[in-house]
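Everything below concerns the one structure shown next.
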Amino acid sequence: MSLLERLNRHGFVLVPKAFSGEQLETLRQATQEVTAYARDGKWPDVRTLPKQFPPWTSTGPNPASDGIWGVQGVMHPDMPHHDVFIRTYFADAIIEPTLQLLQCKRQDLVLELFNLLVRPDHDFELRWHRDDIAATASPEEELERLNKPAFSAQWNLALYDDASLVVVPGSHRRARTETERTADAFEKVLPDQLIVKMEPGDIVFYNNNILHRGVYDSRVERMTLHGSAGHVDGAKLRARNVLQHGLRTWIKDLNFDALDGEGRALAEHMRANLVKMGQEAGDVGYSLQE
C-alpha cells in the first residue's frame with residue numbers, strides 16, 4: 001500500500017528512520033540550544049502553557065516564565081541554527097513524501113509552518129480537536145470541510161522517542177460519532193484511539209483534521225519538529241490555518257543561503273507562493289479558541 005493510500009485510509013502514515021546518524025545528532029544539538037534560548041526568554045515566539053492554540057501572548061521580560069511547550073518559527077533569520085532547520089524543511093526526506101501525498105509537482109508547493117514541540121515545564125494535554133474545524137461544528141459543517149481535499153501535508157519529525165500524538169484512525173473521513181461529540185474534551189480514552197509511537201528519526205504525516213490530541217509528560221525529553229507544506233490550489237482553504245501563526249511579519253526576510261541549486265530555487269518558489277497567499281487572504285483570524 002502506498003503512502004497516499006495509507007494516509008487516505010487511516011488519516012496518518014509513519015515513515016520510519018527518515019533521518020539518522022549525523023543528521024539526527026545535528027538536529028538534536030540545534031533543538032537543545034534553541035529550546036534553552038527560548039526558556040531563557042531570548043525568543044519571543046513560544047507556545048506558552050497552558051494555552052493550546054494560537055495566538056500565544058505573554059507579558060513581562062521572559063515570555064517563557066510560566067512554562068512553554070513549543071518554539072515557533074525555527075526558520076526565522078534571527079533564530080539560532082536557522083540554517084540547520086531550513087536544510088531540514090527542504091530535505092528530500094520531507095519533500096519527496098510531501099509530493100507523493102499531495103500528488104503534485106514541486107512548483108505547486110507552498111511554504112507553510114515549521115515549529116518545534118518540546119517537553120513542557122509541567123504535564124500538559126491538548127483537548128480532542130481537528131486543527132481547522134471548531135468543536136462546536138455540526139456534523140454537516142464537519143463533513144463540508146472533511147469532504148474537501150486536505151491541500152496540505154502536515155508532519156512531526158521525532159528526534160527522541162515520542163508517544164505524544166493520539167489519533168482516532170479514519171476520523172478524517174467522517175463526522176464525529178455521538179460518543180466523540182459528547183465526550184469530555186480531555187477524555188482519556190475514545191473508542192478506537194491509537195497512540196502514535198515514534199522512534200528517533202521517524203516522521204509521521206497526518207491529516208490535520210483527523211480527530212486527535214497531544215499528551216505531554218514533563219519528565220520525558222521531547223524534541224519534535226512540527227511542519228507542513230501546502231498545495232497552491234488550496235491557498236484560500238489553508239490561509240487561516242497557516243497565517244494565524246504570524247508568518248506574514250517575517251517570511252520575506254527568510255535567508256536561504258544554506259541551500260543551493262534546485263533546493264534554493266524550490267525554497268524561493270514556495271516562499272513566493274506563501275507571500276501570495278498572505279497578500280490575497282486578508283485578515284484570517286484564528287481556527288480554534290482554546
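Only the coordinates and a few stated rules stand behind these numbers; no lab work does. What you see is a predicted model; the values in this text were computed from it and never measured. Neighbour counts run over all protein chains shown; Cβ positions are idealised from the backbone, glycine included.
Annotations
- Pairwise label distance in nanometres, I195 with T136, each label 7 Å out on the Cα-Cβ vector: 3.4
- Stretching the chain fully between V220 and D40 yields a gain of 62.8 nm (0.36 nm per residue, less the alpha carbon separation).
- Average projection area in nm² (convex hull over Cα atoms of the chain, one quarter of hull surface): 14.3
- Sorting the Cα pairs of region 172-280 by distance into bins of 5 Å, from 0 upward, gives 2, 8, 14, 15, 15, 16, 13, 9, 5, 2, 0 percent per bin.
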